[in-house]
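Everything below concerns the one structure shown next.
Read-outs: derived from the displayed coordinates by stated rules, not from any lab. Fair warning: this is a prediction, and the values are worked out from it, not measured in the lab. Reconstructed Cβ throughout: ideal geometry from the backbone, glycine too, with neighbour counts over all protein chains shown.
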Amino acid sequence: MSYISGTITDSNAPATLYNSIATALTDEGFVSIDTVTISANTHKVWKSPAAENTANKDWYLDVQYPTAGGGTIYFTPYEDYNATTDLGFRGPVNIGTWATMTTETTYYSRYGATGYSLEHANWWRIGLTAPVTSFGFWISITADRVVGLSSNEPSKVVYTGLYTPSAGHTASATTWVYPLITAQLDGAGGGYAGYTRFPKIVGTIGNQGGGGSTQVAPFRLAGYLPGTSVPAGVNGAYSYREASPIQAYNNDPQTGMSWFGTLQDVATVNAALTVARGDTVTIGADQWVACTVASGTTSTTVFKAI
């Protein structure tokens, strides 16, 4: 696992942040395979070789950022990528896009074998804002996923890459399982996501939560992240994990709610209202970094740092 954090003050902040990310990607076994310029944006495409990750499948990561100036650095996963045509195949799709469309049954994805450009409206991208003013960042990278947080959006954690499929999902999907996801998590311990495929769901996908997106809730871990004060009603640590935090709904009455699996190294812990982005807590032998607690809640999203 590679963990990078720090403060950047730079007129080309996203490009500067990318350089640190690129070093961590290399350290974790990713291979740089393409550079694409689209309008004012640079796209760096990396491959996580099957032998390096837990799914034993090749997957591709597009890191997009403004070539010059401040802006957002985006992370988008793909099941396949063509470096000659610069097209991504089976990228993440928001549930709202899937809602009125019938899933194709070769890959059980939204767009199947058709490739689209890296900035096509089909893909659901998430990212971290990197303004030209000073900002802090906390990013954890493995061959399976990229998860991170920026001080510019202190209550938002972004997750891109592989998730761990549930036993039920694996049994249903069999050889079609390809557990790629983009997820945006918040300081209240919730969030939403986009998937590259919904194996074995052949009906149309219905809307549920998050403005028509898949619901995502991280693990609840045993641990308490204190601040300068303890919020009323909080009297101890959580002592359990939720078994199936990633869920989606579809309109097929025979399948109903579908449980997909769990995000890797992302959790929810009890927290005081004073907990802010970059605060850390040690749970067992591991250190976790938190985002800012959302107003009125008593929990926060954390991700494993070291």
I want to check the label-to-label distance for T16 and Q287. Put each point 7 Å from Cα in the C-beta direction and report it in nm to one decimal. 2.3 nm
Shape call, the stretch 39-100: gyration tensor on alpha carbons, a/c limit 1.5: oblate
Taking amide hydrogens as modeled 1.01 Å from N in the peptide plane, which residues meet the under 5 Å criterion relative to G71, leaving out close sequence neighbours? A130, V132
What's the center-to-center distance, using Cα atoms, between the stretch 1-63 and the stretch 109-151 in Å? 10 Å
In units of 2.2 N^0.38 Å, the Cα radius of gyration of the stretch 131-198 is 1.35
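How long are the three semi-axes of the equivalent ellipsoid for the stretch 56-167, computed from the Cα gyration tensor as the root of 5 times each eigenvalue, in whole Å, largest first? Please list the in-between numbers first.
Details: eigenvalues 142, 55, 41 Å².
Computed over the stretch 56-167, the values are 27, 17, 14 Å.
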Can you classify the stretch 1-60 as rounded, prolate or oblate using the Cα gyration tensor, where a ≥ b ≥ c are the square roots of its eigenvalues, rounded means a/c under 1.5, and otherwise it's prolate if a/b beats b/c and oblate if not? oblate
Going residue by residue through the stretch 152-166, the Karplus relation 6.51 cos²θ - 1.76 cosθ + 1.60 with θ = phi - 60° gives ³J(HN,Hα) values, rounded to whole Hz and with x marking Gly or Pro, of 6, 10, x, 9, 10, 10, 10, 9, 9, x, 7, 10, 8, x, 6
